[in-house]
1. Sort 19, 24 so the one with the fewest other Cβ atoms within 10 Å of its own Cβ comes first.
2. Among 15, 56, which comes first, second and so on when ranked by fewest other beta-carbon atoms within 10 Å?
3. Fewest first, what order do 27, 70 take by the number of other Cβ atoms within 10 Å?
């Protein structure tokens, strides 16, 4: 016997949440900030496949060779960015 549910019981899964929107803005901010610098940002991505890691930044020498790597995880502030009189003009999830 099949279980019948009301259509009101079905809730569609969200593909965009506040968290994913903040992550997108933060990743874009980092890539824009480092554009033209000696940093390869191609491994930095939204919704990375490794839990808690959004990718890495590769530091380059003058010849474009990798001399270091920084693992990146985007985190969200748990308080408003402008509380206590401080304000930073960056996405609040960076």
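1. Taking fewest neighbouring Cβ atoms as first place, the list is 19, 24.
2. By the 10 Å Cβ count, ascending, the order reads 15, 56.
3. Starting with the residue having the fewest Cβ neighbours, the order is 70, 27.
None of the figures in this text is laboratory data; all of them are computed from the coordinates on show. Since we're looking at a predicted model, the values are computed, not measured. We place every Cβ from the backbone using ideal geometry, glycine too, and count neighbours over all the protein chains shown.
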